[in-house]
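Report on one structure; see the data block that follows.
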Amino acid sequence: MRKVLTLFMLTATLTSMAQQVLTLEKCRELALANNKQLGVARVKKEMAENTRKAVRTKYLPKVDAVGGYEFFSREISLLNNDQKALFANLGTTMMGNLGQNVSEVLTNLVQHGMISPEFAQQMGTIAEKMGAPAAELGNQFGQKINDAFKTDTRNMFAASVMLRQPIYMGGAITAANRMADIHEQLVAHEEEGMVETTLKNIDDVYWTVVSLRQKQKLANSYRDLVQQLNDDVHKMIDEGVATRATGLQVDVKVNEADMQVTQVDNGLTLAKMLLCQLCGLPLTGEIELADEGKDVLPDSPTVEDVGNEAAFENRAELKMLKNAVELSEQSTKLVRAAYLPQVALTGGYLLSNPNVYNGFQRKFSGVWNVGVIVRVPVWSWFEGSYKVRATRAATTIATIEMEDAREKIELQLEQCRFKLKEAGKRLQMATKNLSSADENLRCANVGFREGVMEATDVMAAQTAWQQAQSQKIDAEVEVKLAQVALRKALGTLK
């Protein structure tokens, strides 16, 4: 017993989940939550917001850190090869010159008889003995000078931190930030337009499903009427009071009624599948609309006509075109800024090994630096003027397109107002025609039962009644769709 009860409850739960009753507002909520294009629009909006934040950072200083290592096959030399050789033989050269000078002095002294040749020879021998150590010391001293001038720059390490602060960029940063703001507004207006289009599509399909459900009921009712007439006619044929030809005519009407039921059933299924797709539901899901079971469609609130000027302010398309004009204006400023003077403040710290701040030391050492960079364009063969003219032409085009869109929207508003009035009048006429068709069908049925009217007269009355019913359903839905179209044209659909 428990298993049976559990199975019953599970079946009831699955049935309730499968058969969803959706109101128009619920369909709208589902469509806005699950629409793929709206999802893309939301991501675009997030992208535009992050882009705006990124452009804001252009006002702030930028700090860069750079580091690196380089190996060179040869080092930087401050002395050439001749200078290196000179320092390496400094003692030998000096003592050679000194020995030559001493020899010349001793020779002059001997020639003038101031010293004897033997004494001069002894003095020369002593100078030679003293010159060798002195030359060696001189050479060693010269080599030390060579070593002191070595840079050891084959292995280079360097690092720096650089700060850049823009001071005046010709208005480029301000224009870029304004463009980012406008682009964010443009994306928001694009999303707003998609929301309105989605809501209109949902409303159109919703009321289409409701009308097809009404027509399904009508088709079934018409088929029942024709089938009842068919049964009566065949009974009359069996009794001999009706001809076989009349029976065949009624049979044709029954077949036509069956075909109409099939067509309406298929159309209703496809319409519900489309509604499920717009709402983000499974296409094969079983749904039921809150208004499809009603014999008379609920009255919609009267559309508040806010006027053309208010409609222009509400329409997302005009907002987007206005943003396009503003973007074009800022683009002109951005192009012009590239040909104006630009000023930036720089500062940083440079670190290197070896460093050159105390000879070529093999250790890290650095230096601070602060500066101002000024860039002034001098001559570009009027390139800037041509580009500015081109962007101004683009602004003119955007302005013309916006004015053209205003005129078309104004025409659309008038068309929607006329269509709503026509739909209202058509509904009134359809209601009157339905009353006449009901009375005509009643009289035809009474006359047929009394034997004063033919079966063809009843079929004609039934056909007229079906057409009147169908026209009334179409008129009711046409009023709904006209109201939706007018609200969208006025920008008040949300």
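The values are calculated or read from the model by the stated rules, or taken from the named source; none is laboratory data. Everything numeric in this text was worked out from a predicted model, so none of it was measured. We place every Cβ from the backbone using ideal geometry, glycine too, and count neighbours over all the protein chains shown. To get the accessible areas, we keep the full protein, side chains included, count just its heavy atoms, and leave off ligands, DNA and RNA. Shrake-Rupley method; radii C 1.70, N 1.55, O 1.52, S 1.80 Å.
Below is a table of values for the structure above.
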| item | result |
| --- | --- |
| Neighbourhood net charge (13 Å Cβ-Cβ; Lys/Arg +1, Asp/Glu -1) for A338 | +3 |
| Inter-label distance, nm, simple model (7 Å from Cα along the C-beta direction), Q263/V306 | 4.2 |
| Area of Y59 that stays accessible when all protein chains are in place (1.4 Å probe, Å², to 10) | 110 |
| Positive-end extreme of charge dipole, the chain - chosen from W379, T492, Q227 (charges on Cβ) | W379 |
| Full-extension gain in nm, R56 to N81, via 0.36 nm per residue minus C-alpha separation | 3.2 nm |
| Projected area, mean over directions - segment 371-488, Cα convex hull, nm² | 14.9 |
| Additional length obtainable on full extension of the chain from Q143 to L163, 0.36 nm per residue less Cα span | 2.8 nm |
| Estimated inter-spin distance, D299 and Q428, nm [label 7 Å along Cα→Cβ] | 1.4 |
| Residue-span extension gain [T243 to T456] - 0.36 nm each, minus C-alpha spacing | 75.5 nm |
| I167 - accessible surface, heavy atoms, 1.4 Å probe, Å² rounded to 10 | 110 |
